[in-house]
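Presented below is the structure to which this report refers.
The values are calculated or read from the model by the stated rules, or taken from the named source; none is laboratory data. Predicted model, so just to flag it, every value in this text is computed and none were measured. Note that we place each Cβ from the backbone using ideal geometry, even for glycine, and neighbour counts take in every protein chain shown. Ligands, DNA and RNA are excluded from the accessible area calculation, which covers all protein heavy atoms including side chains. Shrake-Rupley method; radii C 1.70, N 1.55, O 1.52, S 1.80 Å.
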Amino acid sequence: GSSGSSGSSGSSGSSGGGSSGGAGVKIGMSVSTLNNPYFVQFRDGAQAAAARLGAALTVTDAQNDASQQVNQVQNFTSQSMKAIIINPVDSDAAAPAVKAADRVSIPVIAADRGVNGAEVAQTVASDNVAGGRLAAQQLAKAVGEQGKVVVLQGVPGTSASRDRGQGFTEGIKAFPGVQVVAQQPADFDRTKGLDVMTNLLQSHPDLKGVFAENDEMALGAIKALGGKAGQQVKVVGFDGTPDGLKAVAAGTMTATIAQQPKLLGQRAVEAAVKAANGETIAKTVAVPVKVATKANVSEFQTS
Amino acid sequence: MTGDILRAEGLRKQFPGVLALDGVDLSLRAGEVHVLLGENGAGKSTLIKILSGAYHPDGGRVLMDGRPVRIRSAGDARALGIATIYQEFNLVPQLTVAENLALGRPPRRFGLVDRARMERDAADLLARVDVRVDPRTPVGRLGIARMQMVEIAKALALEARVLIMDEPTAVLTTGEVEKLFAIVRQLRDEGVAIVFITHHLEEIPQIGDRVTVLRDGRSVAEVPASTPHDELVRLMVGRPIDQQYPRRPARPGEPLLKVRGLTRRGVFADVSFEVRAGEVVGVAGLVGAGRTEVARALFGADHYDAGEVTVNGRRLPPGDVHAAMEAGLGLVPEDRKGQGLVLGAAVAENLGLVTLRDATRAGFVDRRGQRTAAAKVADQLGIRMAGLDQEVRTLSGGNQQKVVIGKWLVAGARVLILDEPTRGVDVGARVEIYQLVNELTAAGDAVLMISSDLPEVLGMSDRILVMARGRLVGELPAARATQDDVMAMAVAEVEGGRVQ
Amino acid sequence: MAVSSNVLVRRRSPVAVWLAENGALVALVVLVVGLSLLSSDFLSVTNLLNVGVQAAVTAILAFGSTFVIVTGGIDLSVGSVAALSAIVLAWGATPAGWPWPVATVAGLAVGVACGLVNAVLIAYGKLPPFIATLAMLGVARGLALVISQGSPIELPAQVAHLGDTIGRYLPVPVIVMVVMGVVAAVILNRTYAGRAMYAIGGNEEAARLSGIKVDRQKLITYALSGGFAAVAGIVLASRLASAQPQAATGYELDAIAAVVIGGASLSGGKGRALGTFVGALILAVLRNGLNLLSVSAFWQQVVIGVVIALAVLVDTLRRRETS
Amino acid sequence: MAVSSNVLVRRRSPVAVWLAENGALVALVVLVVGLSLLSSDFLSVTNLLNVGVQAAVTAILAFGSTFVIVTGGIDLSVGSVAALSAIVLAWGATPAGWPWPVATVAGLAVGVACGLVNAVLIAYGKLPPFIATLAMLGVARGLALVISQGSPIELPAQVAHLGDTIGRYLPVPVIVMVVMGVVAAVILNRTYAGRAMYAIGGNEEAARLSGIKVDRQKLITYALSGGFAAVAGIVLASRLASAQPQAATGYELDAIAAVVIGGASLSGGKGRALGTFVGALILAVLRNGLNLLSVSAFWQQVVIGVVIALAVLVDTLRRRETS
Ligand SMILES: Nc1ncnc2c1ncn2[C@@H]1O[C@H](COP(=O)(O)OP(=O)(O)OP(=O)(O)O)[C@@H](O)[C@H]1O
Ligand SMILES: Nc1ncnc2c1ncn2[C@@H]1O[C@H](COP(=O)(O)OP(=O)(O)OP(=O)(O)O)[C@@H](O)[C@H]1O
Ligand SMILES: [Mg+2]
Ligand SMILES: [Mg+2]
């Protein structure tokens, strides 16, 4: 539990001073999507931090649409926000939005994904490509560096899917005994993960492992595998959502690449408040990516 | 007075821009056939739609058995024992004949629709109106005449005390009209009160008892059905009409339309004829004889399997309406709502439809010119409307028909095919259409007139072609032919006449 | 009974007639044969059961949409309503909440209620069905997110059994699908409400003038669609043992596609439960087959599009030939 | 003209008539007034320009959809076609490729081609427009992904200027939107093709029997829709300075909603460019306002749904009143 939840929102808040105090600072935050528990947690972390610092945080949902995100950032500038946090739908497509904010000298913090082609005050991110590599190592180890595995891909063309997929492909090259026999899209969706996994099992009954580009699809795959999950077939997910961590604790998911979204949201808000107050901040902050396995899962679940 | 089963007093109905009814009275006795007479747009259909619950009046009241009643829906009317056959078809084309007959009140068993019983009931009803059609046929596949008989059967099924019929005979041929009259007389003798709307004045003494004449939304007279024809016309139109069929034959010139061996398997076979400049050629036949199909095929609306069509020396490619139009053909289809009009568009738009291409320069339409042309034709035909911008949907039936004819007048077709051109058109307007036919032929154009109205065919044609079962079975000179001659030919059994 | 004498009635075998009326079935058969040749895994009992399970949710949604489409309407809200119903069920049945049967009834009631709201907007507010149900698409999805706070909620175990397989070969979702299909067929063919739907879709004015209470029938129609959506949502959630606020996103287009592939017309008056079933199967077989054949993610969308167009093309060409 | 004596023309002021025909405008005004009262940021010049920019893509797509909807059809593929056109442009204009004007023409041509394919399937294959364009939705999106390998492609700088603002107050997307709107209005009102669209949508058979080559007009209609989608896709990409394979997903529903909010009927024969413009503005104002008011993301969907329903309700109620 935190202490400062009393003076929660808005300008009337009169929390303690200090240079990092955010009393009344208006911050706009555009989240790529809230149709995903991972980003919901990210938002929760940000809101908690804002409440603690007394900042007024406005959250919008870009619904995975890069142009809608640009619109939202533009709207923030007309609302004269003091700082903007952008969780880009797409790293390239976020540039014009950031430039628009730069023009009116509003500092921008990029969270979870970087921005290509425009200057941001700070990037708070965990590296998806690195995470993909970690996932490859985990899966290879779990299947004894031998056998067939499949990949459940996210929405084709999204940067999360691209980066994680790329990292995994790179990482798995180190294990010549592991064969990737299929890569199929399940759109980051649990139901589709279930259906696609069921179908893949038909053509690859001797499967040893599954990498799902997020926990939602991993949970669908686990459902499809039934008793085989965690036994004959190892599943590695990505994100470390509460449901995902539960599955790790239960042993049906071998590992998930936990990104600590709450921490990410918290760090982003802290940086935004500092930038709004004119303090200088580091160009990049790396929120560590951690591998959650049955052995260490309890640490994640309490945080 | 005391015998009145239904009375309407001072009914008023206002539409946007149009006062359709302006204080109309009507009294209806049990066991009478009460004819409603009036020009197109006089308000007949509006009146009966109020009686049947489709419209709510803005003023006045309706009494049944002396007590005021409120008819707010079709269900209310039905509960009061009022059944209606509307001018526009109110059938569901996708459903079968049996289902349409039982629409809104299907027989049920254990809460489920009892199809077997529905079909038996339908067969009985169809037998009553003497229509031979499988109750399981989708209504959309029936021709317009048999649809009308289904409508009639549907109304009979309600066993109502008041039966309202809005122009039931407009789409029927002589034989069917006789059948209908027999049914109507029987119902009348059973004590049913019948409201009967028609534009065929000769039907009035045959079937009617009393006549109420509407003019411009008012009831102007109530007279016995035996009132002389001329007097009725005067009451209705406000002026006498001296000649009902004012055909002025022109001297026939070169053949404008030549049809050779036209055949469509299963529909019509080996149809050959010519129409000369200045000629009116009538086409008579029983319903389903295939006249409409021939007309559509030669206009390019349907494909055909063999034969050729030549207009003004140019051979037409089959199935190409545009080429037919270019060559100078025009078709006024029999189904005006389905094929003739864009109901949701304005009068001006509809009148300009055929000339849209001609009024286009470099892709742009001369809309002002189109409007001027439309205004001229509307005036010429005496189309009764609030203005050129009125939606065609809200015109009275007869005025809609004038719009369909009007759009071809604007286009200036050389050979005009008229399929049932005066269906639903009042006597006055009908004479105006005939005058137009005269003007066209006098100017050297030609008219092919398909009509189930025998007096019209006899009165307005120069020659009469008779069709039966998909074949041309004969030709008569109009001057000497009688109705009996034509009928004899139309019903004659043709040896091996079944079209293959 | 005699048809008009000049019309030569071509004799067609009942099989030919039936095929002409079920052209989608031909497409399905072609697809199944093709896939069996291309993938040896396709034609196994377990895989076919998988296809059945994967078709279930779309099929149930599509049965509901069939009612609406037969009346000439459209329901874009079914995916969202499915999600909302499941969320309400799961949220209501949390240990601190209601017993699971109550929660289930609540979930179904929410679906029906959404349908009724659609119908009121359409029948009394005179909104075009497209707009009314598009609005509901947003509202129901938003409410699902609000109630769940954006996170999945676990389903009570009793309800989650709906996702099980009885014995080796009897998946419950398939049973539910078949039951709902039979219910839809009976409603459409044999009840007053069903026949009224065809009448309204074929000619609304004629229906009204024949004494059918058109507004009331629309209430029934959209309520049924909402109820079917709720069932679909619960089956979907039961397969995952958890209700997801973003479940069934975009399923409305699949459902409508299934209905139209099955031979219905969006202008109303036509459509059958069996056709819809075939339409849903075509979509499921296609997705399953593409997975089995390991077609790349990018090409899958292309192939699905092409096959949908071809399937309906087969149907329209057959119709033109036999008519 | 034979205006009979019983025809009583009620005099209504031109303003009243115009308002009755543009009911959506009333809804827009109410919305703008409401938002100005609720948020002090709303009624600033920069914010209103933002709204304009944000409406541009939807509006251009919706102008294209207006043609299709006027003919009684529907085009679900516009969002995908927009993305594909932009991808083709960007991919073609890579340094190793074509000069940017060639690439731009190629991008536009692809949009038109997609429209033509839709039209061929509809006019000659007799596919229902819903199915033909749903198939194209998948195919175009898939091709966009295949060509781009799933990654965004940078736009040539010259084309990216389309996303700029000239001076302080003249955003290029707004200019493009206005130009396309005027083009759409002229086509609909003044050209043969436009008038033929209304006739076809009103009664296809009557149009055919009046000598309109219905099939050819449908080709023009869907080609226009595809072309407008291509323009929208390029404007969208220019705003982001990069073409995204996933761009404009789901925009088809927004485009159709804008057209219907603007007073068109999905059964054809009705619809105007100005109405569509107002419809697109309503959607953009709504999204902008909800952002300014900091409405929670989950509730936004609910509110948007409710406001869309209300906006059209205002319109239908006005109509009923004045008729
Ligand atoms: N729904 C409507 N909206 C506007 N005007 C209408 C509507 N229905 C009818 N009218 C107008 O009311 C008048 C009376 O029409 P009505 O249909 O009653 O004529 P009618 O006597 O039946 O003519 P006809 O013999 O041609 O059938 C006409 O001027 C018609 O244009
Ligand atoms: N059982 C049937 N199935 C399909 N079409 C039929 C059937 N019976 C009749 N028809 C068609 O229905 C139409 C009947 O319409 P209608 O009664 O006006 O006759 P018609 O052919 O137009 O008559 P005419 O040739 O005298 O104008 C014809 O086109 C006929 O071919
Ligand atoms: Mg009338
Ligand atoms: Mg005929």
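For the criterion of being in a helix (DSSP H, G or I) and at pLDDT 95 or above, C:Val146 fails. Looking at B:Ala123 and the list (1) more than 16 Å from ligand 1 (Cβ to nearest atom); (2) touching a residue at least 40 places away in the same chain (Cβ under 8 Å), which single condition is not satisfied? For B:Ala123, the exception is condition (2). Just to check your reading of the model, which residue among A:Gly165, A:Gly157, A:Gly132 is under 18 Å from the mean Cα position of the chain (by Cα), crowded, with 18+ Cβ neighbours inside 10 Å and without any contact (Cβ under 8 Å) to a residue 12 or more places away in the chain? One residue alone meets the criteria, A:Gly157.
Which ones in segment A:255-284 are among the β-branched types (Val, Ile, Thr) and open to solvent by less than 40 Å² (accessible area, probe 1.4 Å)?
Here is the first cut: in segment A:255-284, the ones among the β-branched types (Val, Ile, Thr) are A:256-257, A:269, A:273, A:280-281, A:284.
Correct list: A:Thr256, A:Ile257, A:Val269, A:Val273.
If you check B:Gly59, B:Gly81, B:Gly53 for being open to solvent by less than 30 Å² (accessible area, probe 1.4 Å), away from every other protein chain (no Cβ under 12 Å) and within 16 Å of ligand 1 (Cβ to nearest atom), only one passes: B:Gly59.
The residues of segment B:1-28 that are of a type in the set (Val, Ile, Thr), buried (at least 16 other Cβ atoms within 10 Å of the Cβ) and more than 14 Å from every other protein chain (Cβ to nearest Cβ) amount to a single one, B:Ile5. Check segment B:361-382 and report whether any residue there is more than 16 Å from ligand 4 (Cβ to nearest atom), in contact with a Phe, Trp or Tyr (Cβ under 9 Å, 6 or more places away or on another chain) and either open to solvent by 10 Å² or more (accessible area, probe 1.4 Å) or of a type in the set (D, E, K, R) (or both). Within segment B:361-382, one or more residues are more than 16 Å from ligand 4 (Cβ to nearest atom), in contact with a Phe, Trp or Tyr (Cβ under 9 Å, 6 or more places away or on another chain) and either open to solvent by 10 Å² or more (accessible area, probe 1.4 Å) or of a type in the set (D, E, K, R) (or both).
Taking the conditions exactly as written (within 20 Å of D:Val57 (Cβ to Cβ), within 12 Å of chain C (Cβ to nearest Cβ) and not in a helix (DSSP H, G or I)), does D:Ala257 satisfy them or not? Spell out how you get there, then give the answer.
On the way: within 20 Å of D:Val57 (Cβ to Cβ): yes; within 12 Å of chain C (Cβ to nearest Cβ): yes; not in a helix (DSSP H, G or I): no.
Criteria not met by D:Ala257.
When segment C:125-162 is limited to residues that are open to solvent by 30 Å² or more (accessible area, probe 1.4 Å) and within 19 Å of the chain's Cα centre (by Cα), the one that is nearest to the other protein chains (Cβ to nearest Cβ) turns out to be C:Leu137. Would you point out which residue out of B:Gly470, B:Gly444, B:Gly474 is closer than 17 Å to B:Ala289 by Cβ, surrounded by fewer than 22 Cβ atoms within 10 Å (Cβ to Cβ) and assigned by TED's automatic domain parsing to the domain that holds B:Val267? Selected residue: B:Gly474, the only one of B:Gly470, B:Gly444, B:Gly474 that is closer than 17 Å to B:Ala289 by Cβ, surrounded by fewer than 22 Cβ atoms within 10 Å (Cβ to Cβ) and assigned by TED's automatic domain parsing to the domain that holds B:Val267. Just one of the numbered conditions (1) open to solvent by 30 Å² or more (accessible area, probe 1.4 Å); (2) closer than 16 Å to C:Ala55 by Cβ; (3) not small (Gly, Ala, Ser) is not true of C:Leu224: (2).
The residue that is farthest from the chain's Cα centre (by Cα), among those in segment B:101-118 that are more than 7 Å from chain C (Cβ to nearest Cβ), of a type outside the set (Gly, Ala, Ser) and surrounded by 19 or more Cβ atoms within 10 Å (Cβ to Cβ), is B:Arg115.
Please verify whether segment C:203-220 includes one or more residues that are small (Gly, Ala, Ser), under 16 Å from C:Ala55 (Cα atoms) and either within 14 Å of chain B (Cβ to nearest Cβ) or open to solvent by less than 10 Å² (accessible area, probe 1.4 Å) (or both). No: zero hits. Here segment A:217-254 is the region considered, the condition is being in contact with a Lys or Arg (Cβ under 6 Å, 6 or more places away or on another chain) and within 14 Å of chain C (Cβ to nearest Cβ), and the residue that is least open to solvent (accessible area, probe 1.4 Å) is A:Gly220. Considering (1) farther than 30 Å from B:Thr46 by Cβ; (2) more than 14 Å from chain D (Cβ to nearest Cβ), the lone condition that B:Ala297 does not fulfil carries the number (2).
If you go through segment D:266-286 and keep only what is at pLDDT below 90 and either more than 7 Å from every other protein chain (Cβ to nearest Cβ) or open to solvent by less than 30 Å² (accessible area, probe 1.4 Å) (or both), you end up with just D:Ser267.
Rundown of residues vs (1) under 25 Å from B:Asp335 (Cβ atoms); (2) open to solvent by 10 Å² or more (accessible area, probe 1.4 Å); (3) within 16 Å of ligand 2 (Cβ to nearest atom), yes/no style:
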position: B:Met147; (1), (2), (3): yes, yes, yes
position: B:Val150; (1), (2), (3): yes, no, yes
position: B:Lys154; (1), (2), (3): yes, yes, no
position: B:Glu159; (1), (2), (3): no, yes, no
position: B:Asp166; (1), (2), (3): yes, no, no
position: B:Thr169; (1), (2), (3): yes, no, yes
position: B:Glu176; (1), (2), (3): yes, yes, yes
position: B:Leu187; (1), (2), (3): no, yes, no
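Criterion applied to B:Ala306, B:Ala348, B:Ala301 was being buried (at least 19 other Cβ atoms within 10 Å of the Cβ), more than 16 Å from ligand 2 (Cβ to nearest atom) and more than 16 Å from the chain's Cα centre (by Cα), and the one residue passing it is B:Ala348. Restricting attention to segment C:36-51, which residues are in a helix (DSSP H, G or I) and surrounded by 21 or more Cβ atoms within 10 Å (Cβ to Cβ)? Residues satisfying the conditions are C:Asn47, C:Asn50, C:Val51. Of the residues D:Ser65, D:Ser80, the single one that is within 14 Å of chain A (Cβ to nearest Cβ), at pLDDT 95 or above and surrounded by 21 or more Cβ atoms within 10 Å (Cβ to Cβ) is D:Ser80. Scanning segment B:256-304 for residues that are in a strand (DSSP E or B) and of a type in the set (D, E, K, R) returns B:Lys258, B:Arg260, B:Arg264, B:Asp270, B:Glu274, B:Arg276.
Looking across segment B:62-73, the residues that are open to solvent by less than 30 Å² (accessible area, probe 1.4 Å) and touching a residue at least 24 places away in the same chain (Cβ under 8 Å) come down to B:Val62, B:Leu63, B:Met64.
Matching residues to (1) in contact with a helix residue (DSSP H, G or I) (Cβ under 6 Å, 6 or more places away or on another chain); (2) within 16 Å of ligand 4 (Cβ to nearest atom); (3) more than 30 Å from B:Asp485 (Cα to Cα):
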{"site": "B:Val139", "(1), (2), (3)": "yes, no, yes"}
{"site": "B:Met149", "(1), (2), (3)": "no, yes, no"}
{"site": "B:Leu158", "(1), (2), (3)": "no, no, yes"}
{"site": "B:Ile164", "(1), (2), (3)": "yes, no, yes"}
{"site": "B:Thr173", "(1), (2), (3)": "no, yes, no"}
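In segment C:170-189, is there at least one residue being open to solvent by less than 10 Å² (accessible area, probe 1.4 Å), within 11 Å of another protein chain (Cβ to nearest Cβ) and in a helix (DSSP H, G or I)? Checking segment C:170-189: at least one residue is open to solvent by less than 10 Å² (accessible area, probe 1.4 Å), within 11 Å of another protein chain (Cβ to nearest Cβ) and in a helix (DSSP H, G or I). Taking the conditions (1) open to solvent by less than 20 Å² (accessible area, probe 1.4 Å); (2) assigned to a helix (DSSP H, G or I) in turn, D:Pro245 satisfies each one other than (2). For B:Pro228, the stated conditions hold: it is within 16 Å of B:Leu36 (Cα to Cα), away from ligand 3 (no atom under 16 Å from the Cβ) and more than 14 Å from chain D (Cβ to nearest Cβ).
When the residues of segment B:326-335 are filtered to those that are surrounded by 24 or more Cβ atoms within 10 Å (Cβ to Cβ) and not in a loop (DSSP other than H, G, I, E, B), which remaining residue is nearest to the other protein chains (Cβ to nearest Cβ)? Break it down stepwise before answering.
So the first thing to find is which residues in segment B:326-335 are surrounded by 24 or more Cβ atoms within 10 Å (Cβ to Cβ), and the list is B:329-332, B:334.
Checking the rest, the ones that are also not in a loop (DSSP other than H, G, I, E, B) come to B:329-332.
Details: B:Leu329: 10, B:Gly330: 9, B:Leu331: 6, B:Val332: 9 Å.
Within segment B:326-335, the match that is nearest to the other protein chains (Cβ to nearest Cβ) is B:Leu331.
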